[in-house]
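Engineer: Encoded as structure tokens, here's the structure I'll be asking about.
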Amino acid sequence: MTSRRRQGRCRYRLLVGLAALAVGATGCRGGARAPLRRYALHGVVVAVEPDARRVTVQHDDIAGFMPAMTMPYQVKEPYQELRALRPRDTITAEVVAQGTDVWLEHIVRQPGAH
């Protein structure tokens, strides 16, 4: 075998080994996730979809996160709190963002809503 051929095989093995190491290293993070970021939300319920665990809210500016807009939000646990909401309810909630995932927690219907 020529030395050039050996060098080519060694480079190939080295590249394959490095690729395997890179893939293995990313799998060893043990579920490392982006940090949770939390923001206060104040808005009006537009639509409620309890079975889909979703509520659409027309909200004010969310300081440090997004401008005022109307958008649907997923609601994780406890999603049962959605069943008490109705369109036109004024609510406060906590927007939780983790990477590209965004959802609501701690939804509170404000007195006098409707």
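Engineer: Filter region 99-111 for residues that are under 8 Å from the mean Cα position of the chain (by Cα) and not in a strand (DSSP E or B); which is surrounded by the most Cβ atoms within 10 Å (Cβ to Cβ)?
Structural biologist: Gly99
Engineer: Where in region 29-98 are there strands (runs of 3 or more DSSP E), lying fully within it, with 2 or more residues that are of a type in the set (Lys, Arg) and touching a residue at least 40 places away in the same chain (Cβ under 8 Å)?
Structural biologist: 37-49
Engineer: Arg53 is checked against (1) at pLDDT 80 or above; (2) on the phi < 0 side of the Ramachandran plot and fails just one. What number does that condition carry?
Structural biologist: Only one criterion is unmet by Arg53, namely (2).
Engineer: For region 27-80: of the residues being of a type in the set (Gly, Ala, Ser) and within 20 Å of Val108 (Cβ to Cβ), which is surrounded by the fewest Cβ atoms within 10 Å (Cβ to Cβ)?
Structural biologist: It comes out as Ala63.
The values are calculated or read from the model by the stated rules, or taken from the named source; none is laboratory data. Model, not experiment: these values are computed from the prediction. No Cβ is skipped: glycine too gets one built from the backbone with ideal geometry, and neighbour counts run over all protein chains shown.
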